[in-house]
1. Nearest-5 percent of antiparallel DSSP beta bridges in chain B?
2. To make sure I understand the rule: partners must be lysines, Cα under 16 Å from the Cα of B:K63, and not fewer than 8 residues away in the same chain. Which ones qualify?
3. Two decimals, Cα atoms only, Kirkwood Rh: what is Rg/Rh over chain A?
4. Quick one: dipole size for chain A, taken about the Cα centre, charges +1 on Lys/Arg Cβ and -1 on Asp/Glu Cβ, in debye to the nearest 20.
5. How large is the charge dipole for chain B, taken about the Cα centre, if only the Cβ atoms of Lys, Arg (+1) and Asp, Glu (-1) carry charge, to the nearest 20 debye?
6. Can you find, among A:F69, A:N51, A:S101, the residue sitting farthest towards the positive end of the charge dipole of chain A, where Lys and Arg contribute +1 and Asp and Glu -1 at Cβ?
7. On each of the three principal axes of the Cα atoms of chain B, give max minus min coordinate, whole Å, ordered largest first.
8. What's the FRET efficiency of A:H10 with B:H74 using the Cβ-Cβ distance as r and R₀ = 30 Å, to the nearest 0.05?
Amino acid sequence: DSGVTQTPKHLITATGQRVTLRCSPRSGDLSVYWYQQSLDQGLQFLIQYYNGEERAKGNILERFSAQQFPDLHSELNLSSLELGDSALYFCASSVNPGQGSSPLHFGNGTRLTVT
Amino acid sequence: EDQVTQSPEALRLQEGESSSLNCSYTVSGLRGLFWYRQDPGKGPEFLFTLYSAGEEKEKERLKATLTKKESFLHITAPKPEDSATYLCAVLGGAQKLVFGQGTRLTINP
């Protein structure tokens, strides 16, 4: 058990809808990362927050947004969903702000299916 | 742009049959190379970090090595519980982890 909690585990929704994925980081970790994993793209970095502030941005679409709250949990909001957004969404956390300066601890992901 | 290529895509071994997984990378200013293990339905689990060419790290039946262009994950006398997808990732000057597609390893008893 990595200590990172993601909810829900599964989500099925229709095109055009909006969903929110939630992540609670490991106790003591201030950094939260969001990744998307699909069969053809592998694990793609979306965005990172450190202690409530956006730290780094990857290949995140404009339809997607995220935030980290004062209690350090994070939410990833996906809107105007398309079939191609179907994927596994992982949250990871680490102690330090710099990617790679401390190991990432991943949750077990949210599987999003857009129909 | 930083890139990571892992080979083979899939590897099937008999229990006790040693082998190696390859991770080739191109990166501007390597800050670290990472190996993760991912089981079906789970998130990746951290295994190793390597920082410079010539460095080696070991954990049970796994040993990771690093050169200037690639990293190898050597698996010695594997057991069925070593079956998983092994992911390699690099951190370059852009300060963003870039993952490879992974190698799906199956160990038959």
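1. On the way: 38 of 43 bridges.
Close to 90 percent.
2. Correct list for B:K63: B:K79.
3. 0.95
4. Details: 8 positive and 10 negative charges, 26 e Å.
That gives chain A a dipole magnitude of about 120 debye.
5. Numbers: 13 positive and 14 negative charges, 34 e Å.
In total the dipole reaches around 160 debye.
6. It is A:F69, whose Cα lies furthest towards the positive end.
7. Its Cα atoms span 43, 30, 20 Å along the three principal axes.
8. 0.25
FYI, it's all coordinate maths here, none of it is from the lab. It should be emphasised that the depicted structure is a prediction, and the values quoted were computed from it without experimental measurement. With ideal geometry, Cβ positions are generated from the backbone for all residues, glycine too; neighbour counts draw on all protein chains shown.
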